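**Student:** Provided herewith is a single structure, encoded as structure tokens, for subsequent inquiry.
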Amino acid sequence: MRKLLIIIALACGHQVALANDIEEIRVTVHPLSEEGIAQSSTVVSGEELAREVQGSLGETLSNEAGISSASFGTAVGRPVIHGLGGARVKTTEDKIDSLDVSVISGDHAVTIEPFIADQVTVLKGASTLLFGSNAIGGVVDVETGRIPNQIPEKAIGGRLELRGIDNGDATVAAVRLDGSLSENIAWHLDAFSRDADDYDIPGFVESAAQRAAEEEEEHEEEEHEEEEHEEEEEERDILEGSRSSSDGGAFGLSFVGDRGFAGFSVSTLNREYGLVGGHGHEEGHDEDEEHEGEEHEEEEHEEEEEGVGMIDMEQTRFDFEAQVNNPFAGFEYINFRLGINDYEHQEIEGSGEVGTFFDNDAWEGRVELRHEPIGGFDGVFGLQLNNREFSALGEEAFVIPVESDSVGVFWVGEKSFDNFDLETGVRLEEVDHSPIDGSLPDRDFTSFSASLGMVRNVSEDFAISGLLDITSRTPSIEELYSNGPHLATNAFEIGDPNLDEESAVALSFTSNYRTELINLNATLYFMTFDDYIFQAATGEEEDELPVFVWEQGDAEFTGLDASADVHLGTLAGGDVDMSVRFDIVNARLDGPVREDLPRIPADTLALGLSWKNLLWHARVNYKRVSAQNDVAEFELPTEEYDDLSVFLNRKIEVGNSELDLFFHGRNLTDDEQRNHASIVKDFAPAPGRRLEVGLRMKF
């Protein structure tokens, strides 16, 4: 399949977006985007976002080239960009960090609700200049509009959305209102609610590879243990613990004047979801209760297995933003943003007991100062500050409490020449991690990043760009200070407090061809790491859990992602368009033995065909995800799968409002789908066939 994808890339050459529906969309997360940026990026908004939005950011973006999801059921899914995920991809809400604990573990959700998004922007590749060392793999920014920066045209307007999904009896309701109190006061209000039961799956809960591995081990087990496992193998057709519920909302208010604006928002989020794949969660807890009698222990074990662990999460967040245009001579604007977050969640056993309590009090602030040309360079000076106090308490806490501080200063600039534009920038950042109990040593890091890029407009329709990044990332607290059983992910995790920074040199080339009939894009990238930090399986067990240790080694990532949208013509009064998307990534340790890295997404090819007129929109998508056999030691391969989806939308004018009635069928072939980037891929497949109906109103 890889050869086929390369041939398609060379044949079509370049990027994406419906050719008959082209509109200029600014990459708002980057302050120089009006001039065009060398970095590969993806913007999802409007009708495309409304069609693709799902319960997590990862799933919402999973059909975009070069992006996949580190899923943990349908409630959790961090984006993976060019094979890099976890702490290397920063998720932001209106350019401020999500300030949650999603980077600590694959079972922790990103606290950004996709259903309230106006636009989702993805910067693919190192974005450390603007956002810090945690963005060495990229940035996913969700623009919410919760702090208005202009007065709406209408005194009140908004949108309403309702959805129902048969698989898991899921429901979604979301509403957004924007309006003004006067010519200078704008306000915003949103609310949402999602609820779903356990979803159906097309086959066994455990993958074929996992069942085969367990069957091989059974030859060495006692007879009663073998019989017990055979009962577990029969679990199929429904993924226990995949239920979830979520609700929240926000209120924002701004003063908008001739020279800028100032405003705030306050938002809340409550979420509960099951710990899929964590069947060892109950077993480990029982086995530690040695003071119980054997008979009582067996009875309690059976009782606890009737339930599945849950995460109960709460968050309150405050955001502030202000901008002054032409603040003083030589500067176009100064923008200030601040986010303050109060986050906590409980990991609850199947018995109802709280196993671990996570608390995360965090804030992040940033100032951007746009200057007029200096030496021919337009640019932005910036300052970014971050603080968080993290703690995990309880019998199953696997990371010690840590306070982290960071401060970064940066400059990015752009200069135009006759035949090309030049981009460059630098950043200096200091990060301090301080264990609160003093049980392990503090770690202080100083990192430096720089980039140099070029954008050349070969013609009015065709542009090429190249970008060189020299960057570094400081170890995260879970990489440094983990040491204990993490039953939600069925692992015993061991960090290394002596880890060094990882550094990388990244080189990417992007080409874009864009007309009214065709939109093509391709990005070829190469990234080499010194002291790459990764989690390796050892093959050993501790507390009856497989042991994973954080290690370092040199590594290389190479890949290609491309997309094309082509207008084929008209049929029955509607426009017919075709889309192609695919991506390839290889990631290996660069040593005497070139070992594959764990959880690297498989090659993907997607084809789409749509028909659209003023009232109707029909679309068929087919996606082929290849088998992933390039696996790390002790990692199981993942089988290939197909995904067929159908979308149908009918627009209806209701007075001054616009009503959309839509149907979306997903995984219509009812294929077993396992995402190789998921830490629970062998214990938690994606949902089977899903039929979704809904309505969306704009007024």
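**Student:** Using r as the Cβ-Cβ distance of L517 and I238, and R0 as 56 Å, what FRET efficiency do you calculate, to the nearest 0.05? Please report the intermediate quantities before stating the final value.
**Tutor:** Details: r = 46 Å, r/R0 = 0.83.
According to the calculation, E is roughly 0.75.
**Student:** Per residue of segment 551-557, in order, report the coupling 6.51 cos²θ - 1.76 cosθ + 1.60 (Karplus, θ = phi - 60°) as ³J(HN,Hα) in whole Hz, putting x for Gly and Pro.
**Tutor:** So the J values, rounded to whole Hz, are 10, 10, x, 5, 8, 10, 10.
**Student:** Rg and Dmax of segment 106-176, using alpha carbons, in Å: what are they?
**Tutor:** Cα radius of gyration and Dmax of segment 106-176 are 16.5, 44 Å respectively.
**Student:** Could you state the angle between the C-alpha long axis of helix 208-218 and the longest principal axis of the C-alpha atoms of the chain, as a value from 0 to 90 degrees rounded to the nearest 10?
**Tutor:** Between the helix axis and the principal axis of the chain, the angle is about 20 degrees.
**Student:** Heads up, I need the accessible area for V44: 1.4 angstrom probe, whole protein in place, Å², nearest 10.
**Tutor:** The accessible area of V44 comes to roughly 0 Å².
**Student:** Okay, next question. Cα to Cα, under 26 Å, and not fewer than 8 places away if on the same chain: which lysines meet these conditions relative to K154?
**Tutor:** Those lysines meeting the cut-off are K651, K698.
**Student:** As an exercise, take the mean of 1/r over every pair of distinct alpha carbons in segment 40-166, invert it, and state the Kirkwood radius in angstroms. Present the calculation step by step, with values, prior to reporting the outcome.
**Tutor:** Numbers: mean 1/r = 0.0665 Å⁻¹.
Roughly 15.0 Å, rounded to one decimal.
**Student:** Another question, then. In this model, which of K124/K623; K90/K623; K95/K612 are farther than 29 Å apart at the alpha-carbon?
**Tutor:** Numbers: K124/K623 21 Å; K90/K623 27 Å; K95/K612 34 Å.
With Cα atoms farther than 29 Å apart: K95/K612.
**Student:** Pull up the DSSP beta bridges for the chain and report the antiparallel fraction as a percent, rounded to 5. Please report the intermediate quantities before stating the final value.
**Tutor:** Working: 301 of 309 bridges.
The antiparallel proportion sits near 95 percent.
**Student:** Please give the peptides 642-654, 340-352 ranked by average Cβ packing (other Cβ atoms within 10 Å per residue), highest first, as a rough proxy for protection.
**Tutor:** On the way: 642-654: 15.2, 340-352: 20.0.
Descending packing order for the listed peptides: 340-352, 642-654.
**Student:** Sort 261-273, 619-631 by packing, meaning the average of other beta carbons within 10 Å per residue, with the highest value first.
**Tutor:** Working: 261-273: 19.5, 619-631: 18.0.
Packing order, densest peptide first, comes out as 261-273, 619-631.
**Student:** Quick one: which of 119-125, 183-189, 508-514 comes out on top by average Cβ neighbours within 10 Å, and what's the full order, highest first?
**Tutor:** Details: 119-125: 24.7, 183-189: 17.0, 508-514: 21.1.
With the highest mean Cβ count within 10 Å placed first, the list reads 119-125, 508-514, 183-189.
**Student:** Any idea what the relative contact order of the chain is, in percent, if you count C-alpha pairs under 8 Å spaced at least 6 apart? Display every interim value, and only then the final one.
**Tutor:** Details: 2016 pairs, mean separation 93.6, N = 699.
Relative CO of the chain lands at 13 percent.
**Student:** What does the C-alpha gyration tensor say about the overall shape of the chain? Classify as rounded when a/c is under 1.5, otherwise prolate if a/b is larger than b/c, or oblate.
**Tutor:** Working: a/c = 1.42, a/b = 1.29, b/c = 1.10.
Rounded, because the longest to shortest axis ratio a/c is under 1.5.
**Student:** Between segment 557-602 and segment 667-695, how many Å separate their Cα centres?
**Tutor:** Distance between centres, Cα-based: 20 Å.
**Student:** Could you work out Rg/(2.2 N^0.38 Å) for segment 330-384, with Rg from alpha carbons only?
**Tutor:** Working: Rg = 21.1 Å, N = 55, 2.2 N^0.38 = 10.1 Å.
Ratio of Cα Rg to 2.2 N^0.38 Å: 2.10.
**Student:** What are the equivalent ellipsoid semi-axes of segment 499-616, built from the alpha-carbon gyration tensor (square roots of five times its eigenvalues), in whole angstrom, biggest first? Intermediate values should be presented prior to the final figure.
**Tutor:** On the way: eigenvalues 368, 72, 20 Å².
Semi-axes, largest first: 43, 19, 10 Å.
The values are calculated or read from the model by the stated rules, or taken from the named source; none is laboratory data. Just so we're clear, the structure is a prediction, and the values are computed from it rather than from any experiment. All Cβ positions, glycine included, derive from the backbone under ideal geometry; neighbour counts span all protein chains shown. Surface areas here come from the heavy atoms of the whole protein model, side chains and all, with no ligands, DNA or RNA. Shrake-Rupley method; radii C 1.70, N 1.55, O 1.52, S 1.80 Å.
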